[in-house]
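Undergrad: Okay, here's the structure, questions in a sec.
The values are calculated or read from the model by the stated rules, or taken from the named source; none is laboratory data. If you're wondering where the values come from, they're calculated on a predicted model, not measured in any experiment. So basically every Cβ, Gly included, is an ideal-geometry build from the backbone, and we count neighbours across all protein chains shown. In case anyone asks, the SASA skips ligands and DNA or RNA and just uses the protein heavy atoms, side chains included. Shrake-Rupley method; radii C 1.70, N 1.55, O 1.52, S 1.80 Å.
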Amino acid sequence: MSPYTLSMLMSSLAVGTTTTLLSYHWFLAWMGLEINTLAIVPLMTKMHHPRATESATKYFLTQATASALILFSTIMNAWVTGEWTIIDMNHYTSTTILTIALAIKLGIAPFHLWLPDVLQGLNMMTCLILSTWQKLAPMALLILTSHQLNTNLLAVMALMSMVVGGWGGLNQTQTRKIMAYSSIAHLGWMTMIVSFAPNLALLNLLVYIILTSSMFMTLMTMSATNMNKLSASWLKTPTLAALTMIVLMALGGLPPTSGFLPKWLILQEMTKQHLNILSITMAMSALLSLFFYLRLSYAISMTSPPHISNSNLSWRKKNNLQIIPMMIVLSTMMMPMTPTLLVMN
């Protein structure tokens, strides 16, 4: 792809997300989401492969359906209440349709089936953009309208996302599909807490973006698209392979990594709301996700590839991602910030 075309598409992605984040009127927010969708589709198809074309088609149809539902819900709300502002969604049917539309946009269960298939057909960099940057605009709308959305519907979808994200990743061997189910499970945690404490949902989104970016960048550096290639990574980049295991533990939410911070605060807030059964179910569902992160760590550290090179010096590719060390540090060392966050909360 031409550098000029790539820069134009990346600028359009930034403009679309920024437009939605800064919008006060529903039509402007919808327009930002559409710019986002139209900018990411050419990036998906730049591989010129049937799987990439299939992924782009699935993504476009899913996002177009969600955008149509958002427009329909806002028009219905304007028809009944006369309000177009984002914070004035007072009509029950409109808010229910909006909740479903944002769930489709984000890939929250039971509207999650498009996400693993779409990620599997793309290259790692596009997967990174789709899993992080493309979540910002819909999640911003979810946080802005959280006080008006159907709390029971959000809780059911969030619980389904956690369980589906855990169960779906158990039997996967492709790293992109594992990261897709990881994304579904993390989105479940954000959706669950967004009605009770939107600031915790924002913190969870920030930590999720840091952890997912670290993981995708390490996978890109090691060219690991499946578990067999991941098991050979310690021959090429032993230090990075060791750090990847720490990032995986952070994704699983083990202390003292950064991934434990949002889970701890969310469970604390849920118990304050006297939702003890729900909190126990959330904690148990986190164990499902932790299992396949441990499985990846086992593949990196305790298995050998079928063909080990006899050479002492293995061929190494030059690493152009200089941001990886900083992202790994952020993935593992945000726990000391907890007292400050508790005071701010």
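Undergrad: With respect to T53, is the statement that it is at pLDDT 95 or above, hydroxyl-bearing (S, T, Y) and surrounded by fewer than 18 Cβ atoms within 10 Å (Cβ to Cβ) true? Outline the logic, then answer.
TA: On the way: at pLDDT 95 or above: no; hydroxyl-bearing (S, T, Y): yes; surrounded by fewer than 18 Cβ atoms within 10 Å (Cβ to Cβ): yes.
Spelling it out, it is not the case that T53 is at pLDDT 95 or above, hydroxyl-bearing (S, T, Y) and surrounded by fewer than 18 Cβ atoms within 10 Å (Cβ to Cβ).
Undergrad: To continue, here is another question. For region 187-207, give me each residue that is assigned to a helix (DSSP H, G or I), touching a residue at least 60 places away in the same chain (Cβ under 8 Å) and not β-branched (V, I, T).
TA: Let us first name the residues in region 187-207 that are assigned to a helix (DSSP H, G or I), namely 187-193, 198-207.
Then keep just the ones that are touching a residue at least 60 places away in the same chain (Cβ under 8 Å); that gives 187-189, 191-193, 199-201, 203-205, 207.
Answer for region 187-207, where residues must be assigned to a helix (DSSP H, G or I), touching a residue at least 60 places away in the same chain (Cβ under 8 Å) and not β-branched (V, I, T): L187, G188, W189, M192, N199, L200, A201, L203, N204, L205.
Undergrad: Where residues in region 217-228 are assigned to a helix (DSSP H, G or I) and touching a residue at least 24 places away in the same chain (Cβ under 8 Å), which of them is surrounded by the most Cβ atoms within 10 Å (Cβ to Cβ)? First the steps, then the outcome.
TA: Residues of region 217-228 assigned to a helix (DSSP H, G or I): 217-222, 227-228.
Imposing the further condition that a residue be touching a residue at least 24 places away in the same chain (Cβ under 8 Å) reduces the set to 217-221, 227-228.
Working: M217: 21, T218: 24, L219: 22, M220: 19, T221: 19, M227: 18, N228: 13.
Across region 217-228, the extreme among qualifying residues is T218.
Undergrad: Further, regarding this structure: When you go through (1) hydrophobic (A, V, I, L, M, F, W, C); (2) open to solvent by less than 10 Å² (accessible area, probe 1.4 Å); (3) closer than 22 Å to M337 by Cα one by one for M249, which number turns out not to apply?
TA: (2)
Undergrad: Right, something else. Quick check on region 214-237. Is at least one of its residues in contact with a helix residue (DSSP H, G or I) (Cβ under 8 Å, 6 or more places away or on another chain), among the polar types (S, T, N, Q) and closer than 20 Å to M335 by Cα?
TA: yes
Undergrad: Do you know which residues across region 10-29 are open to solvent by 60 Å² or more (accessible area, probe 1.4 Å) and in a helix (DSSP H, G or I)? Let's see the steps before the verdict.
TA: First, pick out the residues of region 10-29 that are open to solvent by 60 Å² or more (accessible area, probe 1.4 Å): 10-11, 15, 18, 21-22, 24-25, 27-28.
Selection gives M10, S11, V15, T18, L21, L22, F27, L28.
Undergrad: Given Y4, Y59, which one is farther than 30 Å from N77 by Cα, among the aromatic types (F, W, Y) and assigned to a helix (DSSP H, G or I)?
TA: Just a single option satisfies the conditions, and that option is Y4.
Undergrad: Got a sec? Which helices (runs of 4 or more DSSP H) wholly within region 237-307 have at least 2 residues that are in contact (Cβ under 8 Å) with a residue 24 or more places away in the chain and either closer than 19 Å to A224 by Cα or of a type in the set (S, T, Y) (or both)? Give the derivation first.
TA: Values: elements: 238-252, 260-272, 276-301.
By residue number, 238-252, 276-301.
Undergrad: Right, here's the next one. Tell me yes or no: at least one residue of region 167-185 is modelled with pLDDT under 95, crowded, with 22+ Cβ neighbours inside 10 Å and assigned to a loop (DSSP other than H, G, I, E, B).
TA: Yes.
Undergrad: Here's something else I'd like to know. Give me a count of the residues in region 289-339 that are modelled with pLDDT of 60 or more, open to solvent by 60 Å² or more (accessible area, probe 1.4 Å) and among the hydrophobic types (A, V, I, L, M, F, W, C).
TA: 9
Undergrad: Of the residues that make up region 186-209, is at least one surrounded by fewer than 24 Cβ atoms within 10 Å (Cβ to Cβ), in contact with a Gly (Cβ under 9 Å, 6 or more places away or on another chain) and under 17 Å from F291 (Cβ atoms)?
TA: No, region 186-209 contains no residue that is surrounded by fewer than 24 Cβ atoms within 10 Å (Cβ to Cβ), in contact with a Gly (Cβ under 9 Å, 6 or more places away or on another chain) and under 17 Å from F291 (Cβ atoms).
Undergrad: Would you be able to say whether some residue in region 123-138 is part of a helix (DSSP H, G or I), without any contact (Cβ under 8 Å) to a residue 60 or more places away in the chain and open to solvent by 10 Å² or more (accessible area, probe 1.4 Å)? Show your work before the answer.
TA: Residues of region 123-138 that are part of a helix (DSSP H, G or I), as a first pass: 124-131, 133-138.
Of the ones still in play, those that are also without any contact (Cβ under 8 Å) to a residue 60 or more places away in the chain are none.
No; the residues of region 123-138 include none that is part of a helix (DSSP H, G or I), without any contact (Cβ under 8 Å) to a residue 60 or more places away in the chain and open to solvent by 10 Å² or more (accessible area, probe 1.4 Å).
Undergrad: Take the residues in region 30-43 that are touching a residue at least 40 places away in the same chain (Cβ under 8 Å) and open to solvent by less than 40 Å² (accessible area, probe 1.4 Å), then tell me which one is farthest from M124 (Cα to Cα).
TA: Among those that are touching a residue at least 40 places away in the same chain (Cβ under 8 Å) and open to solvent by less than 40 Å² (accessible area, probe 1.4 Å), it is G32.
To keep it simple, each residue is scored yes or no on (1) surrounded by fewer than 14 Cβ atoms within 10 Å (Cβ to Cβ); (2) farther than 25 Å from S11 by Cβ.
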residue	(1), (2)
T45	no, no
H48	yes, no
T57	no, no
I70	no, no
N77	no, yes
T93	yes, yes
I97	no, yes
P116	no, yes
